[in-house]
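These notes are about the structure you will find just below.
The values are calculated or read from the model by the stated rules, or taken from the named source; none is laboratory data. On a predicted model such as this, the values are computed, not experimentally measured, just so you know. Positions of Cβ are generated from backbone atoms using ideal geometry, with glycine treated the same way; all protein chains shown enter the neighbour counts. The accessibility values were calculated without ligands, DNA or RNA, using every heavy atom of the protein model including side chains. Shrake-Rupley method; radii C 1.70, N 1.55, O 1.52, S 1.80 Å.
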Amino acid sequence: MFQPTSAEVPYSMRQRLVLAFTILLIGFLGLAGYVLERAYERSVAAAVAERLQLQVYALLGVAEPEDRRFLLPDLEEARFNQPNSGLYGFIFDDEGREWWHSPSADTLNFNSNVAINSKQLLGRTLYEEVTIPEYGTLALASYHTRWEALGKDFHVVVMESTAPTEAQI
């Protein structure tokens, strides 16, 4: 009876199984890593959106209209009061006229057309990212509301630098 030597058999069954499982394991780990990374990025993006929404509500809570502008005397978030802090707030009317901006945005040249979408529904928030050359990429939340006392629609806009979030990811 003929017995082949190990030199004559290119791959044994054991070697083929090890190779197959190695390829499957590498593929599985790669896919799992990709899925986990995407899930983490989505959770960080959701946290940013929630944080921006809370800032919008905070601004709405203290905003007081007065003579074609808004007064916001008690801003709880200190970064709104620090120039170039990475957190910026605006209130625009439906025509794009600025009624208020946070002290942090004193040097920020921001075009209101970016934040005002004529198709945005009342009571809804739109989220997007904008790039401003001197400030980099900013996460933006624009909330559309109606101020009954003034009989006008307004957009409360909060923007935050994405640099800390990108570093976290």
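In a simple Cβ point-charge model (Lys, Arg +1; Asp, Glu -1; nothing else charged), segment 39-159 has a dipole of about 280 debye relative to its Cα centre.
Loop-located GluC sites (Glu not before Pro) in segment 19-105 (DSSP state not H, G, I, E or B) with no more than 10 neighbouring Cβ atoms inside 10 Å: GLU66, GLU76, GLU95.
Of the solvent-accessible surface of segment 31-161, computed with a 1.4 Å probe and all protein chains present, 50% belongs to carbon and sulfur. Mean residue ellipticity, 222 nm, helices only, the chain: the sum of -39500 (n - 2.57) across DSSP H runs of n ≥ 4, divided by residue count and rounded to 500, is -12000 deg cm²/dmol.
Each Lys or Arg adds one and each Asp or Glu subtracts one; over the other residues with Cβ under 13 Å from the Cβ of VAL48, this totals -4. Under a 5 Å amide H cut-off, with hydrogens placed 1.01 Å from N, PHE154 pairs with THR145, ARG146, TRP147 among residues at least 5 apart or on other chains. Take segment 121-169 with all the other protein chains still there, run a 1.4 Å probe, and you get 52 Å² of accessible area per residue. Sequentially through segment 46-53, phi angles give Karplus couplings (6.51, -1.76, 1.60; θ = phi - 60°) of 5, 5, 5, 4, 5, 5, 5, 4 Hz, Gly and Pro residues having no value and appearing as x. What is segment 97-157 by shape, rounded, prolate or oblate, if you read a ≥ b ≥ c off the alpha carbon gyration tensor as root eigenvalues and call it rounded for a/c under 1.5, prolate for a/b larger than b/c, and oblate otherwise? Oblate, because a/c is 1.5 or more while a/b does not exceed b/c. Annotation: amide H-H contacts under 5 Å for THR125 (H modelled 1.01 Å from N, sequence separation of 5 or more, or interchain): none. Backbone geometry of segment 92-104 corresponds, through the Karplus equation with coefficients 6.51, -1.76 and 1.60 at θ = phi - 60°, to 3J(HN,Hα) couplings of 10, 7, 5, 8, x, 7, 7, 9, 6, 9, 6, x, 5 Hz, x marking Gly and Pro.
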